[in-house]
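The values are calculated or read from the model by the stated rules, or taken from the named source; none is laboratory data. Everything numeric here is computed off the predicted structure, so don't read it as measured data. Here the Cβ positions follow ideal geometry from the backbone for every residue, glycine too, while neighbour counts run over all protein chains shown.
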Amino acid sequence: MALAVSLILGAAWLAIRAYKGKVGEIKDGYGFLDSNMRRITVVVGCGAFFVLVFWLFGYFVAIIAGYMMAQLAFGVRDKLKLISGALIMAIAMQWLFMGVMRLNDPRGVLIDMRPYTNLISGE
Amino acid sequence: MIFEDILGGFATLLSDPYAIWFVFLAAFVGIVFGALPGLTAAAAIAMMLPILIAYNDEIGGLAGLAFLYVIGKSGRYGGSIAAILFNTPGTAASAATMQDGYPMTQKGQAGKALKTATIASAYGDYFGEIILIFGAVSIAAFTKQFGPPENFAIYLMAFVVIGSVVSDSIIKGIISTLFGAAIALIGEDTITGQFKMTMGIDELESGMALVPLLIGVFVISEVIIQAEKAAKVKMIDLDSTKLDDPTAHYFTWPEFKRCFPLMFRSSIYGSLIGMMPGLGSSVACFVAYGEEKRKAKNKAEWGTGVVEGIAAPESANNAVSGPSMIPLLTLGIPGSTIAAVLIGMFLVNGLQVGPQIFATEPPLFVAGQMMSPREFIFGIFAAGLVGIAAYATIGYFAAPLIGKAIAVLPTQYLYPVIFMISLAASYSSRASIWDVGFAILFGVIGYGMRRTNFSAAAFIIAFVLTSSMEESFRQSMIISDSGMLVFFQFEYMGKFSYAPIFLIIGAVVVGFRAYSSISASKKA
């Protein structure tokens, strides 16, 4: 508890100093002034989208959707590459993690894709 | 005795075909990941750890541990490829190599530079490995008498030493360490059964897993950084003609003779730095480069592309690899991120890291055969020795090809694949969708740490160490009849205690570091 409180107080102290402009000498590449918030949000959004789709539709669909989003985030615009890449990726991941490694493949809340994806994972 | 153990280690390794294959695989994978700017051996390990753990029983414990151990070595070497060819250090450990490596590439001597780096890296790595084998066994004979108060004092010393030396700023280093410790404390108390800092979330009751943290801090943070630079289609523009001058492809015998004493001295610097927890290859390479440049007769030529400027940092940064295992194997303290991950793999195989790892009893059942912990650990040392030869051979003949392949790799396809593998690997650590969320969260935190110079290595090491530290603290309190004073007394339960000595060493290191930091800032 003491550790958590000290961390929060320390962070608050740093935040107040930053707010007052007491940030010291800023070196190139240090801090968030030249961060591309849009890109960061897109990557984090891809991850969040993956989690959401995983919960709703299961692992296989999440890989397809997440990988397509990630490709879009990195500037891939060719539709054929987007779709074929995502399908190949999803099949490979389904086979490796669910088929070979025998991980738990939970059903999606909305749709249970397992009768179809089990054809890849071999269950 | 040790020579017999080494021969026994080779016998153990050679009798396990999976282990041999995994050593060669690790040598190759480590070089590739090390050579990819931004990605490190730690990132490769983070993504592959769940697979290795899942397959531990099938492939045998030796193969998995040998893989992780060798990937750390080859990853350090791989960083030099990017430093020499692209003027971008593949890892922080090869930052000093750029200073003479890239000018040699510009002069059309990339082949010579790469071969110098390969030979110097292998030399330094063998030097460090010998120090590890002989040093760890000797030190472990002394440290195995330690009890819980000494263990707690050692952990505390490691915390403050790592926190104070791992980063440019002592405060940031200590905060990184405390943050790792705070995250490790989440979950169920092993003695009282109470839940700590779970915030009512059921999934946190079993604590945080290492894999999502590693993936977040080392891989997803890098994906975010690469996404910021995503406008580039190619990773790097390499003029491939600079690799094709056949007369420049040899590291000649006179050059080797000239570099030999320098590589020897640099390997000593690297080994000494490697033994200290927290200080790593990135420190060693600059110390060796700086010292050898200062001593050099041709110091004016350093920085313009001389082989000595590659041999010194490369010997030093690879000499760190072996000795960085000494604190782990003798005290249970990981000196680096990779050593921290190795603790988990040792535990999966029923081995508690620390001096007892050199015990000859009780036997373990590993890879289909019975062996003692000592035979097992010497099998890993043998894997290290073979791994060095493997990455040196691959690097000597194929480094220019690997460099060319990486130069044309489009980031727009590479990083989405890495991102997806990261998310899948996070899920696979405990088959929990929450772990994917935690990996993304720690990806953002890791990005923030990188942008503000907080230490990801200190964070991970502290996370791994905290549960053992807590356990030894509890055990100390149980055996102590004077409460916390047990850590400051030179005797408990009728035997001599080294605990106060470790606390004093920790305080002295922090004091010295603080003094030098304040002095440096006053001069500036």
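Any residue in the stretch A:1-16 that is within 11 Å of another protein chain (Cβ to nearest Cβ) sitting within a Cβ distance under 9 Å of a residue that is of a type in the set (Gly, Ala, Ser) and in a helix (DSSP H, G or I)? List the pairs, counting only those 6 or more apart or interchain.
Pairs found: A:3/B:181; A:3/B:182; A:4/B:182; A:7/B:182.
Tell me whether the stretch B:147-157 contains one or more residues that are modelled with pLDDT of 85 or more, under 19 Å from the mean Cα position of the chain (by Cα) and within 23 Å of residue A:5 (Cα to Cα).
Among the residues of the stretch B:147-157, at least one is modelled with pLDDT of 85 or more, under 19 Å from the mean Cα position of the chain (by Cα) and within 23 Å of residue A:5 (Cα to Cα), which makes the answer yes.
Which residue, of A:38, A:107, A:77, A:114, is closer than 30 Å to residue A:15 by Cα and among the basic types (Lys, Arg)?
Result: A:38 is the single residue among A:38, A:107, A:77, A:114 that is closer than 30 Å to residue A:15 by Cα and among the basic types (Lys, Arg).
Restricting to the stretch B:169-198, give me the number of residues that are out of contact with any helix residue (DSSP H, G or I) (no Cβ under 7 Å at 6 or more places or on another chain), closer than 22 Å to residue A:13 by Cβ and within 10 Å of chain A (Cβ to nearest Cβ).
Final tally of qualifying residues: 1.
Residues in the stretch A:23-31: is at least one under 21 Å from residue A:98 (Cβ atoms) and among the aromatic types (Phe, Trp, Tyr)?
no
Among the helices (runs of 4 or more DSSP H) contained in the stretch A:47-123, which hold 1 or more residues that are surrounded by fewer than 17 Cβ atoms within 10 Å (Cβ to Cβ) and within 11 Å of chain B (Cβ to nearest Cβ)?
Filter on the stretch A:47-123 gives A:59-73, A:79-93.
Scan the stretch B:111-133 and tell me whether some residue there is under 30 Å from residue B:504 (Cα atoms), among the small types (Gly, Ala, Ser), at pLDDT 85 or above and crowded, with 24+ Cβ neighbours inside 10 Å.
Yes, because at least one residue in the stretch B:111-133 is under 30 Å from residue B:504 (Cα atoms), among the small types (Gly, Ala, Ser), at pLDDT 85 or above and crowded, with 24+ Cβ neighbours inside 10 Å.
What tally of residues in the stretch B:388-418 results from selecting those that are away from chain A (no Cβ under 14 Å) and of a type in the set (Ser, Thr, Tyr)?
Residues in the stretch B:388-418 being away from chain A (no Cβ under 14 Å) and of a type in the set (Ser, Thr, Tyr): 3 in total.
Has the stretch B:364-372 got any residue that is more than 16 Å from the chain's Cα centre (by Cα), farther than 25 Å from residue B:461 by Cα and modelled with pLDDT of 80 or more?
Scanning the stretch B:364-372, I find at least one residue that is more than 16 Å from the chain's Cα centre (by Cα), farther than 25 Å from residue B:461 by Cα and modelled with pLDDT of 80 or more, so the answer is yes.
Just checking, how many residues over the stretch B:485-502 are of a type in the set (Gly, Ala, Ser) and either under 18 Å from residue B:158 (Cβ atoms) or in a strand (DSSP E or B) (or both)?
Residues flagged as of a type in the set (Gly, Ala, Ser) and either under 18 Å from residue B:158 (Cβ atoms) or in a strand (DSSP E or B) (or both) within the stretch B:485-502 amount to 2.
Can we say residue B:94 is at pLDDT below 85, in contact with a helix residue (DSSP H, G or I) (Cβ under 6 Å, 6 or more places away or on another chain) and either among the polar types (S, T, N, Q) or more than 30 Å from residue B:479 (Cα to Cα) (or both)? Steps first, please.
Numbers: at pLDDT below 85: yes; in contact with a helix residue (DSSP H, G or I) (Cβ under 6 Å, 6 or more places away or on another chain): yes; either among the polar types (S, T, N, Q) or more than 30 Å from residue B:479 (Cα to Cα) (or both): yes.
For residue B:94, the condition - at pLDDT below 85, in contact with a helix residue (DSSP H, G or I) (Cβ under 6 Å, 6 or more places away or on another chain) and either among the polar types (S, T, N, Q) or more than 30 Å from residue B:479 (Cα to Cα) (or both) - is met.
Okay, residues lined up against (1) away from chain A (no Cβ under 14 Å); (2) under 24 Å from residue B:260 (Cβ atoms); (3) in contact with a helix residue (DSSP H, G or I) (Cβ under 8 Å, 6 or more places away or on another chain):
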position: B:55; (1), (2), (3): no, no, yes
position: B:75; (1), (2), (3): yes, no, yes
position: B:80; (1), (2), (3): yes, yes, yes
position: B:83; (1), (2), (3): yes, yes, yes
position: B:86; (1), (2), (3): yes, no, yes
position: B:122; (1), (2), (3): yes, yes, yes
position: B:125; (1), (2), (3): yes, yes, yes
position: B:138; (1), (2), (3): yes, no, no
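Out of (1) modelled with pLDDT of 85 or more; (2) within 29 Å of the chain's Cα centre (by Cα); (3) of a type outside the set (S, T, N, Q), what's the single condition that is false for residue B:477?
Evaluating residue B:477 over (1) modelled with pLDDT of 85 or more; (2) within 29 Å of the chain's Cα centre (by Cα); (3) of a type outside the set (S, T, N, Q) leaves (2) as the failure.
Which of the following residues is touching a helix residue (DSSP H, G or I) at 6+ places or on another chain (Cβ under 6 Å) and closer than 23 Å to residue B:223 by Cα: B:391, B:427? Can you show your working first?
Details: B:391 fails: closer than 23 Å to residue B:223 by Cα.
Criteria check complete, one pass: B:427.
Look at residue B:487 and say whether it is closer than 30 Å to residue A:58 by Cα and of a type outside the set (Gly, Ala, Ser).
Spelling it out, it is not the case that residue B:487 is closer than 30 Å to residue A:58 by Cα and of a type outside the set (Gly, Ala, Ser).
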